[in-house]
Amino acid sequence: MVGSFILFAMLFKLPIGISLIIASIAGAFVAGEGVPIRHLVEGSFLYFDPILIIATAMIFMEVIRRSGALGSISRFIIVRMHRRPFWLLFFLTLFIMFPGMITGLSTATVLTTGAIAAPALMLLGIPHVTVAAMIAMSAILGMIAPPINVPAMIIGGGVDMPYIGFELPLMFATFPLAISFNLALGYKYVRNIQIDKMIPKLDTDYFEIYGWRLFLPLLVVIVLMLGVRIFPAVFPNLGVSLIFIIGAIIGLFCGKKMNFWHVSHSAIQEALPVIGILLGIGMFIQIMTLTGVRGLLVIGSLSLPSFWRYVSIAVMVPLFGAVSAYGSASVLGVPFLLAFLGKNEIIVGSAISLIAGLGDLMPPTALAGIFAAQVVKEKNYFKVLKVTLIPAVITALWGILMILSANFLAKFM
Amino acid sequence: MNQYKTHLMVGIISIAAAVILIIVAGKQFRQMHHDEPLFPSQFLTRTIPLSEFNKNLQDTPGDATIYCFEGNEPGGNVLIVGGTHPNEAAGFITAYLIIENLRVQQGTVYVLPRANHSAFTHNDPQEGHPQFFTIVGKTGERRFRYGSRNTNQVDQWPDPEIYLHFPSNQKLAGNETRNLNRAYPGKINGTLTERVAYAIVNFINTEHIDLAFDLHEAAPEYPVVNAIVSAGRSQELASEANIELQFEDLYYSIEPSPYNFHGLSHREWADFTGTYPILLETANPMQGRLRGKSAASLIMTGLDPMYLKAAKLGVLKVPYDNAGIPLNLRVGRHVAAIAKIVDVFSRNYPEHAIIVSGLPTHDDLITLGLGRYF
Ligand SMILES: [Zn+2]
């Protein structure tokens, strides 16, 4: 299966999504399952909700970009904060992480606050590929950071462990990393900002023209997303996709004029390859499970001797999370947590969720990487992944360290 | 112009391919929407729709049938719930077996075999599960559905990102919104799953159920397996039955209901009703993440080469060898535990005694097989 995927993707240069579909069919056929249409269709529905979220988030992002809201926010950030570069990066990191902390979705984070921060960071002189890497890492760590961490919930759910007491371990797992990564990657560029040279490069201040109305769509999206979390009894659960669509429609009337059909057309066109990958990965995993390849991989990782078991967590968990951290948390996170019973489960679960989060950087899907690349208009997302390599390795090591010292850390948390 | 034509051709071919997929797969998905016929024993006195206990379930895919077996002599009331998780075959097959074989002398036995009716109508994406498996019964092949752990998304969609349990506000991953065994005590006008949970709790209260079983299975690597799970009130009953089951060489672990985990049947039935709740677990390799091929035969045999490897690695919580864990053995454990607990309960509370017969013993199911009872 893996072989036929590489063959079609690399040799025939077919899109990754199509290659995955062909590989799934080939895998099922070789395993004597024929062409199991029901399984192929069922598997492709695995990521139906994320697909809707991505499509609508792309439309929303395109709308607030064209309305002038994004440009005006970066102008504001630069004009106000250029004198304090350390705090600028510090607060931007928390700002980017925020939607991930609340929604538990890294892609939604990249496409909202990531998209807002990106132009500012680029204008400050940070190379665009580095900006994409900073955003991707912040989004992933935001997804893992408390209060909401879906991979940790999935891992906990697999062993009937309530999602209680994860706040401190998850803060320990994420914030030190996120802030130091962004400082390490970006500080040298923003140390000396010459504001006079920058002002002409900045976008027009549309805030002066449209006033607070400009930020209304963003505000509505944030309020609707937060509202259902904070006042679940009062706020209806609209779902993230519908919230993005509402935001996009409001955005049409709150800034520079635009043609909605053009906007949605170009947004969907950009999202289409990723949607194809998600469909393909869904099929691929379903066929892997059907034919027993998944079990082979899980047993393989569990049968390694203890040192290599740690290595395999660092390698296999992100690898399996190629599509999304959620899948990896469910398939490998749960057996690994069970394999480490006896260590503090909350800290081990937090650490595995941290490593699972790295799945969003793993090709072919690398959702966080792909969208971060799109946000900075970089066509080749592998360039972004190259910059995230060292932070990703450090993150994996941080997670392993947490597992090793779980019982020691537990005394402080 | 030429390029336009190519695009048009690609478009037409793609749409045609999609239509073919929709027709072929759609037909297969539709098959899951027919309830397999059950043939209740002659001791069935009536059936009650679950929606009678929550009007908001009427004409929804969440409505289900409660089979009621009333003995001639008055006594206690027992409820046996199967199909909370329709991917746990021994859970609902045990309920089916009881419906088709039960004789009641004293008291009343209620069986709700498809508690999450909607979850029987689909499979979990990513799991590669079969849709059906067959048991060769007395009158020929009987085909049963193998469903999903959760309510069908066609009936309840979309999932929130985070599931807030009512009324505790406990947070769980969003897909658990459709897990009946995280929904108790339920909500009269909540999600479909919450409405089902509410109806079951209301049923237990209305009919004064003394003793209530929730039948499950779990992956062999899961910590709570081959277990009797009970909340505070039922713990003595469970331990007493467990000791007597040991004399029959049937070993269960006794697990308390976790006090800080909400939504589970044994936990919330204890808090929101007066019943003695018991949850039973057996080990089903088809649910496990370690399994090899997901063939329908695995449901019946419970024998899987990857689990043999896992057993050697020492990661399983149950004994596992070349004999596998076949369905008749799993159903046998459920039936034996139910019979024993009902026995002990009747002995301890003679005014609420329930006396039944017609059910096979664990050994009957091992030697004669499941088919004998279908
Ligand atoms: Zn279950």
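The values are calculated or read from the model by the stated rules, or taken from the named source; none is laboratory data. Just so it is clear, the model here is predicted, and its values are computed rather than measured. FYI the Cβ positions are ideal-geometry reconstructions off the backbone, even for glycines, and counts take in every protein chain you see. We work out accessible area using only protein heavy atoms, side chains counted, and drop any ligands, DNA or RNA first. Shrake-Rupley method; radii C 1.70, N 1.55, O 1.52, S 1.80 Å.
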- Message: Here is a check on your reading of the model: is B:Glu194 more than 16 Å from the ligand (Cβ to nearest atom), crowded, with 21+ Cβ neighbours inside 10 Å and not in a loop (DSSP other than H, G, I, E, B)?
- Response: yes
So, first residue acidic (Asp, Glu) in segment A:167-194, second residue open to solvent by 30 Å² or more (accessible area, probe 1.4 Å), Cβ within less than 8 Å, six or more apart or across chains; the pairs are A:Glu167/A:Pro147
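Scan B:Arg149, B:Arg145 and give me the residue that is more than 23 Å from B:Ile354 (Cβ to Cβ), basic (Lys, Arg) and surrounded by fewer than 23 Cβ atoms within 10 Å (Cβ to Cβ). Show your work before the answer.
Numbers: B:Arg145 fails: surrounded by fewer than 23 Cβ atoms within 10 Å (Cβ to Cβ).
After ruling out the rest, the residue left standing is B:Arg149.
Filter segment B:269-282 down to residues that are open to solvent by less than 40 Å² (accessible area, probe 1.4 Å) and away from chain A (no Cβ under 14 Å), then give me how many there are. Outline the logic, then answer.
The first filter runs over segment B:269-282 and keeps only residues open to solvent by less than 40 Å² (accessible area, probe 1.4 Å), leaving B:269-270, B:273, B:275, B:277-282.
From what's left, away from chain A (no Cβ under 14 Å): B:269-270, B:273, B:275, B:277-278, B:280, B:282.
Number satisfying all stated conditions: 8.
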Out of (1) without any contact (Cβ under 8 Å) to a residue 12 or more places away in the chain; (2) open to solvent by less than 10 Å² (accessible area, probe 1.4 Å), the one B:Ala241 does not meet is (1)
Here the qualifying pairs (Cβ atoms under 9 Å; residues six or more apart or on different chains; first in segment A:381-397 and closer than 17 Å to A:Pro273 by Cβ; second among the β-branched types (Val, Ile, Thr) and outside any helix (DSSP H, G or I)) come out as A:Val384/A:Val376
* To do: Might you let me know whether segment B:158-179 holds any residue that is touching a residue at least 12 places away in the same chain (Cβ under 8 Å), open to solvent by less than 10 Å² (accessible area, probe 1.4 Å) and within 14 Å of the ligand (Cβ to nearest atom)?
  => yes
Those residues of segment B:198-218 which are within 16 Å of the ligand (Cβ to nearest atom) and crowded, with 23+ Cβ neighbours inside 10 Å amount to B:Ile200, B:Ala212, B:Phe213, B:Asp214, B:Leu215, B:His216, B:Glu217
In segment B:152-175, anything under 17 Å from B:Tyr198 (Cβ atoms), at the interface with chain A (Cβ under 7 Å from one of its Cβ atoms) and among the charged types (D, E, K, R) is listed as none
Exception for A:Ser24 within (1) polar (S, T, N, Q); (2) over 22 Å from B:Pro130 (Cα atoms); (3) at pLDDT 85 or above falls at (2)
Condition set over 16 Å from A:Met122 (Cβ atoms) and open to solvent by 10 Å² or more (accessible area, probe 1.4 Å), scope segment A:366-378, selection farthest from the chain's Cα centre (by Cα): answer is A:Ile370
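Looking for something without any contact (Cβ under 8 Å) to a residue 12 or more places away in the chain, farther than 22 Å from A:Gly100 by Cβ and not in a helix (DSSP H, G or I) - is there at least one such residue anywhere in segment A:344-364? Before the answer, list the steps.
Of the residues in segment A:344-364, the ones without any contact (Cβ under 8 Å) to a residue 12 or more places away in the chain are none.
No, every residue in segment A:344-364 fails to be without any contact (Cβ under 8 Å) to a residue 12 or more places away in the chain, farther than 22 Å from A:Gly100 by Cβ and not in a helix (DSSP H, G or I).
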Quick check on B:Leu329: is it assigned to a helix (DSSP H, G or I) and open to solvent by less than 70 Å² (accessible area, probe 1.4 Å)? yes
Conditions (1) modelled with pLDDT of 95 or more; (2) more than 14 Å from the ligand (Cβ to nearest atom); (3) farther than 28 Å from B:Leu368 by Cβ -> B:Pro125 fails only (1)
Residue count, segment B:83-113, condition within 14 Å of the ligand (Cβ to nearest atom) and not in a helix (DSSP H, G or I), comes to 6
Scanning segment B:55-79 for residues that are open to solvent by less than 10 Å² (accessible area, probe 1.4 Å) and of a type outside the set (Gly, Ala, Ser) gives B:Leu57, B:Ile66, B:Cys68, B:Phe69, B:Val78, B:Leu79
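Within segment A:21-40, restricting attention to residues that are of a type in the set (Gly, Ala, Ser) and surrounded by fewer than 23 Cβ atoms within 10 Å (Cβ to Cβ), which residue is nearest to the other protein chains (Cβ to nearest Cβ)?
Within segment A:21-40, the subset of a type in the set (Gly, Ala, Ser) is A:23-24, A:26-28, A:31-32, A:34.
Next, only the ones that are surrounded by fewer than 23 Cβ atoms within 10 Å (Cβ to Cβ) stay: A:26-27, A:31-32, A:34.
Working: A:Ala26: 16, A:Gly27: 11, A:Ala31: 8, A:Gly32: 9, A:Gly34: 12 Å.
Filtering first and then ranking leaves A:Ala31.
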Note on segment A:302-322: residues at the interface with chain B (Cβ under 10 Å from one of its Cβ atoms) and open to solvent by less than 20 Å² (accessible area, probe 1.4 Å) are A:Leu302
Scanning segment B:225-238 residue by residue, those open to solvent by 20 Å² or more (accessible area, probe 1.4 Å) and under 24 Å from B:Phe120 (Cα atoms) turn out to be B:Asn226
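Give the residue, chosen from B:Val225, B:Val229, that is closer than 24 Å to B:Asn284 by Cα, within 14 Å of another protein chain (Cβ to nearest Cβ), modelled with pLDDT of 90 or more and not in a strand (DSSP E or B). I'd like the intermediate steps shown before the answer.
Numbers: B:Val229 fails: not in a strand (DSSP E or B).
Of B:Val225, B:Val229, the one residue that is closer than 24 Å to B:Asn284 by Cα, within 14 Å of another protein chain (Cβ to nearest Cβ), modelled with pLDDT of 90 or more and not in a strand (DSSP E or B) is B:Val225.
Out of all the residues in segment B:236-262, which are within 14 Å of another protein chain (Cβ to nearest Cβ), out of contact with any Pro (no Cβ under 7 Å at 6 or more places or on another chain) and in a loop (DSSP other than H, G, I, E, B)?
Restricting attention to segment B:236-262, the residues satisfying the condition of being within 14 Å of another protein chain (Cβ to nearest Cβ) are B:255-262.
Now drop any that are not out of contact with any Pro (no Cβ under 7 Å at 6 or more places or on another chain), which leaves B:255-259, B:262.
Of everything in segment B:236-262, those that are within 14 Å of another protein chain (Cβ to nearest Cβ), out of contact with any Pro (no Cβ under 7 Å at 6 or more places or on another chain) and in a loop (DSSP other than H, G, I, E, B) turn out to be B:Ser257, B:Pro258, B:Tyr259, B:His262.
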| request: Considering every residue within segment A:256-264, establish whether at least one is in contact with a helix residue (DSSP H, G or I) (Cβ under 9 Å, 6 or more places away or on another chain), among the small types (Gly, Ala, Ser), in contact (Cβ under 8 Å) with a residue 24 or more places away in the chain and closer than 30 Å to B:Phe166 by Cα. | output: no
When segment B:18-66 is checked residue by residue, the ones that are touching a strand residue (DSSP E or B) at 6+ places or on another chain (Cβ under 9 Å) and hydroxyl-bearing (Ser, Thr, Tyr) are B:Ser41, B:Thr45, B:Thr47, B:Thr65
Taking segment B:297-326 and keeping only residues that are more than 14 Å from chain A (Cβ to nearest Cβ) and surrounded by fewer than 18 Cβ atoms within 10 Å (Cβ to Cβ), one is left with B:Thr301, B:Pro319, B:Asp321, B:Asn322, B:Ala323, B:Gly324
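Given the criterion touching a residue at least 60 places away in the same chain (Cβ under 8 Å) and of a type outside the set (Val, Ile, Thr), identify the matching residue among A:Gly157, A:Gly211, A:Gly227, A:Gly247.
On the way: A:Gly157 fails: touching a residue at least 60 places away in the same chain (Cβ under 8 Å); A:Gly211 fails: touching a residue at least 60 places away in the same chain (Cβ under 8 Å); A:Gly227 fails: touching a residue at least 60 places away in the same chain (Cβ under 8 Å).
Unique residue meeting the criteria: A:Gly247.
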Of the conditions (1) in contact with a Pro (Cβ under 8 Å, 6 or more places away or on another chain); (2) open to solvent by less than 10 Å² (accessible area, probe 1.4 Å); (3) over 30 Å from B:Asn169 (Cβ atoms), the single one that A:Ala117 does not satisfy is (1)
One residue is enough: does segment B:117-128 have a residue meeting the conditions in contact (Cβ under 8 Å) with a residue 24 or more places away in the chain, open to solvent by 10 Å² or more (accessible area, probe 1.4 Å), over 28 Å from A:Ala325 (Cβ atoms) and within 14 Å of chain A (Cβ to nearest Cβ)? yes
Taking segment B:219-238 and keeping residues more than 16 Å from the ligand (Cβ to nearest atom) and either of a type in the set (Lys, Arg) or in contact (Cβ under 8 Å) with a residue 24 or more places away in the chain (or both) leaves B:Ala231, B:Gly232, B:Arg233, B:Ser234, B:Leu237, B:Ala238
